[in-house]
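Asks: Below: one structure in structure tokens.
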């Protein structure tokens, strides 16, 4: 599989409506190719010395690597968390037909 310009970005929000608004805004701005929401995921984490368990909507977005800085800036200004998860993974999106589809997106 050839190296590609695509990345996958992970994030999460404790409100599905806010997650939908965030992903819709990124799509409208032409910064991501797509976003998938997984409502009802469970997050366990340590915060301020104690273990917490929360329900969140996990977000997985596909984007072009050269859009990352704008995506991060967009999310940092609109995400309701103090320190939002914005994790990026390099990706080669598999089939050539799907990669072509991604290349032809804004």
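None of the figures in this text is laboratory data; all of them are computed from the coordinates on show. Owing to the predicted nature of the structure, the values given are computational and were not obtained by experimental measurement. Ideal geometry is used to build each Cβ from the backbone, glycine not excepted, and the neighbour counts take in all protein chains shown.
Asks: Pick from 78, 65, 46: which residue has the top mean-square fluctuation in a GNM of the chain where Cα pairs under 10 Å get a spring?
Replies: In the Gaussian network model the winner is 46.
Asks: Let me ask something else about it. Which residue fluctuates the most in the chain, going by a Gaussian network model with Cα springs under 10 Å, if the choices are 22, 53, 31?
Replies: Sorting by GNM fluctuation, first place goes to 53.
Asks: Give me 89, 23 ranked fewest to most by other Cβ atoms within 10 Å of their Cβ, as a rough exposure proxy.
Replies: Listing 89, 23 from fewest to most nearby Cβ atoms yields 89, 23.
Asks: Relative to the present Cα-Cα distance, how much length would full extension add between residue 50 and residue 8 at 0.36 nm per residue of separation? Intermediate results must be reported in sequence, preceding the final value.
Replies: On the way: separation 42, 0.36 × 42 = 15.12 nm, distance 3.02 nm.
The residue 50-residue 8 span can extend by a further 12.1 nm.
Asks: While we're here: Give me 68, 45 sorted ascending by neighbouring Cβ count inside 10 Å, so fewest comes first. Write out the running numbers ahead of the final one.
Replies: Numbers: 68 15, 45 10.
Starting with the residue having the fewest Cβ neighbours, the order is 45, 68.
Asks: For the chain, what is the convex hull (Cα atoms) projected area averaged across all directions, in square nanometres?
Replies: Working: hull surface 29.0 nm².
Orientation-averaged projected area of the Cα hull: 7.3 nm².
Asks: What order do you get for 7, 13 when you list them from fewest to most C-beta neighbours inside 10 Å?
Replies: Details: 7 21, 13 24.
So the ranking, lowest neighbour count to highest, is 7, 13.
Asks: Now for a separate question. Using a 7 Å offset from the Cα along the Cα-to-Cβ direction at both residue 96 and residue 43, what is the distance between the two label points in nm, to one decimal?
Replies: Between residue 96 and residue 43, the simple spin-label model gives 4.0 nm.
Asks: With everything on Cα atoms, drop me the angle between helix 16-28 and the longest principal axis of the chain, reported from 0 to 90° to the nearest 10.
Replies: Approximately 30 degrees, to the nearest ten.
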